[in-house]
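We did not get these values from a lab; they are worked out from the coordinates using the rules stated. Source: prediction; values computed, not measured. Note that each Cβ is placed from the backbone with ideal geometry, even for glycine, and that neighbours are counted across all protein chains shown.
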Amino acid sequence: MGVIRGCEMTLGYIAHSVFRFCQLVLALTVCGLYGVDLHRANREHKYSDGKWVYAEVTASLSAVTALLYLIPFVARVPLLFVWDLILFILWIALFGVFGKMYIGTRADDFGIQRMKNAVWVDLVNALLWLISACGMLVYWIKHRNNRTRFTGRATV
């Protein structure tokens with residue numbers, strides 16, 4: 001029984017790591033897609049638009065979170081699904097802001113086409129963080145430590 005349980009835990013951790021690695025790669029992709037415009041504005045001594053800064057902050061928070069989740073015992077922290085839900089909300093807001101700007105426009109320029117592609121990467125990121133939040137919630141409900149009401153010593 002111990003070998004089977006250990007194998008299940010190993011396969012679960014590998015699946016968890018692959019999922020988090022996908023989140024990391026997509027967050028870094030968004031950093032690159034929006035960072036091009038921020039770098040160009042900085043090079044031309046123009047102001048940085050807050051929308052692009054928001055995109056970079058959201059992607060950076062997601063990348064750091066995905067990296068932290070790759071540490072084996074970090075994902076077992078109770079109520080961590082709330083942070084995943086917050087990241088989902090940030091990604092949905094990002095998708096809404098840039099989707100309104102770029103989904104209906106014609107892609108006459110390479111930059112516009114790049115931003116239209118970035119909008120869909122934002123949506124995929126949002127969906128991945130929603131799946132992550134739901135999965136972490138299920139994990140937390142399944143593995144929380146229920147104790148008896150009277151003595152608190154026995155596990156129910």
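Tabulated results
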item: Percent RCO, i.e. relative contact order, over the stretch 2-143, from Cα pairs under 8 Å lying at least 6 residues apart; result: 28
item: Estimated 222 nm signal from helices in the chain, with DSSP H stretches of n ≥ 4 weighted -39500 (n - 2.57), rounded to 500; result: -27500 deg cm²/dmol
item: Crossing angle, helix 81-102 versus the chain [Cα axis fit, 0-90 degrees, rounded to tens]; result: 20
item: Segments 99-106, 23-30, 48-55 sorted - mean Cβ within 10 Å per residue, highest first; result: 23-30, 48-55, 99-106
item: Distance cut-off 20 Å, percentage of C-alpha pairs in the chain lying past it; result: 57
item: Dipole magnitude of the chain about its Cα centre (Cβ charges: Lys, Arg +1; Asp, Glu -1), debye to nearest 20; result: 700
item: Cα coordinate range in the stretch 84-135, projected on the principal axes (Å, largest first); result: 40, 14, 12
item: Under 20 Å from K116, Cα to Cα: aspartates and glutamates that are on another chain or at least 8 residues apart; result: D37, D49, E56, D108
item: Karplus-derived HN-Hα couplings along the stretch 125-139 (A = 6.51, B = -1.76, C = 1.60, θ = phi - 60°), whole Hz, x at Gly and Pro; result: 4, 4, 5, 5, 6, 5, 4, 4, 4, 5, x, 5, 5, 4, 4
item: Which of Y34, W129, V57, positive extreme of dipole for the stretch 12-150 (C-beta unit charges); result: W129
item: ³J(HN,Hα) computed for each position of the stretch 25-34 - Karplus, 6.51 cos²θ - 1.76 cosθ + 1.60, integer Hz, glycine/proline x; result: 5, 5, 5, 5, 4, 5, 4, x, 5, 7
item: Gain in span if fully extended, V97 to L38, counting 0.36 nm per residue against the direct Cα distance; result: 19.6 nm
item: Estimated dipole of the stretch 1-92 in Debye, rounded to 20 [Cβ of Lys and Arg +1, of Asp and Glu -1, Cα centre]; result: 100
item: Under 14 Å from K100, Cα to Cα: aspartates and glutamates that are on another chain or at least 8 residues apart; result: D122
